[in-house]
């Protein structure tokens, strides 16, 4: 089974709203990161993902967040493990349950902050509205 997944979008601003309240927002150039956790993910995979996100050279002039102190908006998204190969309704069997996933998404955020990153987040398990301006557009999929 694959490990932790992240959909990484280069953005010019992004925000997350829950119940008409902005719970996370970054302004200007940065990354919006949707993180999916599967059953066998570990704190080490979370740390590996954080290091990759901090050093990934996909911002303007091939810079990374670490190069220009660009902020990141990190949002948990179990639907990254949806499997729609059979039938018309996706299954979520590969997605880790909340008690497993939430601490690992929190660990990605904590590791990024330990590296010096400015990180905003969504709210785990909430109905979120994510707004962003994808700059490029530029989107990559990471699997740890």
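No lab work stands behind these numbers, since they all come straight from the coordinates. Note that the coordinates shown come from a computational prediction; the quantities given were computed from them, not determined experimentally.
Segment 1-40 to segment 42-81: how many Å between their Cα centroids?
Comparing the Cα centres of segment 1-40 and segment 42-81, I get a distance of 10 Å.
Any chance you could get the radius of gyration and Dmax over the Cα atoms of the chain, in Å?
Radius of gyration, then largest Cα-Cα span, for the chain: 14.6, 45 Å.
Report, to one decimal in Å, the Kirkwood hydrodynamic radius for segment 74-144 based on all distinct Cα pairs. All intermediate terms of the calculation are to be shown ahead of the outcome.
On the way: mean 1/r = 0.0696 Å⁻¹.
Final number for the Kirkwood radius of segment 74-144 is 14.4 Å.
On C-alpha positions alone, give me the angle between the axis of helix 98-115 and the longest principal axis of the chain, in degrees, nearest 10.
20 degrees
How tilted is helix 43-55 with respect to the longest principal axis of the chain? Cα atoms for both, answer in degrees (0 to 90, nearest 10).
30 degrees
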